[in-house]
1. So, in nm, how far is label Gln79 from label Lys34 when the simple model puts each one 7 Å beyond its Cα toward the Cβ?
2. DSSP loop (so not H, G, I, E, B), at most 16 other Cβ within 10 Å: list which GluC sites (Glu not before Pro) in region 3-92 pass both filters.
3. What number of lysine-lysine pairs in region 18-98 show an alpha-carbon separation below 26 angstrom, given a sequence spacing of 8 or more or placement on distinct chains?
4. When only alpha-carbon atoms are used, what values of Rg and Dmax, in angstrom, describe region 18-98?
5. For region 31-67, run through the trypsin sites (Lys or Arg not before Pro) and keep only the ones in DSSP coil with at most 16 other Cβ atoms within 10 Å of their Cβ.
Amino acid sequence: MQKTTVLSFKELKQRISLEHVLRHYNLFDTLELKGKSHRGPCPFCEAAEGNPFSVSLEKNCYQCFTCRTSGNILEFVSQWEGVKIREAGQILNKNFVDGKDTYTVAKTVEKTTEVEAPPAKKIDRQRK
């Protein structure tokens, strides 16, 4: 009997950054940091003028302002590999989770200060 692994797209997106994926495909070094995003030629439409491909590591997403492609790690791998989203998830799982790609590192979030959330506002739902 073959063991079936359940893929969690949410878990993949939490564990793997877009930077890791771009480095895996040797594309990250083509990008330059401009403000909060990394910009460069689009790996899909190959447009280079004006560096239309924008990557936000903070939001873990990308967008090309020429061909209008955008998305997260799943959409990137899907488009790059020419496969459906489910297969892209399997590729990510194989390369980064099972295969322990050298670019995969645990994400750590450092908290500098603890801020308590304000109490939730009570909504008065009475009709007038």
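1. Label at Gln79, label at Lys34, 1.7 nm between them.
2. Glu46, Glu49, Glu58
3. Details: Lys34/Lys59; Lys36/Lys59; Lys59/Lys84; Lys59/Lys94; Lys84/Lys94.
Close lysine pairs found across region 18-98: 5.
4. Final numbers for Rg and Dmax: 12.2, 38 Å.
5. Working: sites: Lys34, Lys36, Arg39, Lys59; in loops: Lys36, Lys59.
Loop-located and lightly packed - Lys36, Lys59.
Quick note: the coordinates plus some simple rules give every number you see, no bench work behind them. Everything numeric here is computed off the predicted structure, so don't read it as measured data. Using ideal geometry, Cβ is built from the backbone for each residue, glycine included, and neighbour counts are taken over all protein chains shown.
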